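This report refers to the structure that appears directly beneath it.
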Amino acid sequence: MRILITNNTLAAYAGSEWVVVEIAKALQARGHEFLVFTSDDGRGGPDDYLFGDIAVHRFPFAGALARRDVARVAAIKRAVGALTREFRPDVVHLHHPG
């Protein structure tokens, strides 16, 4: 099964981040494929990175929304849509959407 997981951030290993990582590990152990989308946390850093051995795609949702940058929000929406279409998830798990 292909599963898309989202969370507000994935910068620390606590709270909702811990739950997302543990879910991803369990899915991985069972042979499922997954993709993790998250927002940036305002501290900078790469857009795509590994959190342990979990691939994460981070988008600057928070900053674009705070600045009311409509063009940036639209660009993020297109990027998320393109990755989602490419991945073709069977299930989308929205965890703690902000």
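A few comments on the model shown:
- With each label modelled as a point 7 angstrom along the Cα→C-beta vector, the residue 28-residue 1 pair spans 1.9 nm.
- Put simply, the amide H of residue 5, placed in the peptide plane, has neighbours under 5 Å in 35, 36, 37, 93, leaving out anything fewer than 5 places away on its chain.
- For the pair residue 95 and residue 75, label points projected 7 Å from Cα toward Cβ lie 2.9 nm apart.
- Scalar couplings 3J(HN,Hα) for region 72-89, obtained by applying the Karplus form with A = 6.51, B = -1.76, C = 1.60 to θ = phi - 60°, are 5, 4, 5, 5, 4, 4, 5, 5, 4, x, 5, 5, 5, 4, 5, 6, 6, x Hz; x denotes Gly and Pro.
- Hz values of 3J(HN,Hα) by residue in region 59-68 - Karplus curve (6.51, -1.76, 1.60), Gly and Pro given as x: 10, x, 4, 4, x, 5, 5, 4, 7, 6
Every read-out reported here was derived from the displayed coordinates using simple, explicitly stated rules and does not represent laboratory data. This is a predicted model, so every value here is computed, not measured. Counting neighbours? That spans all protein chains shown, and the Cβs are built from the backbone with ideal geometry, glycine included.
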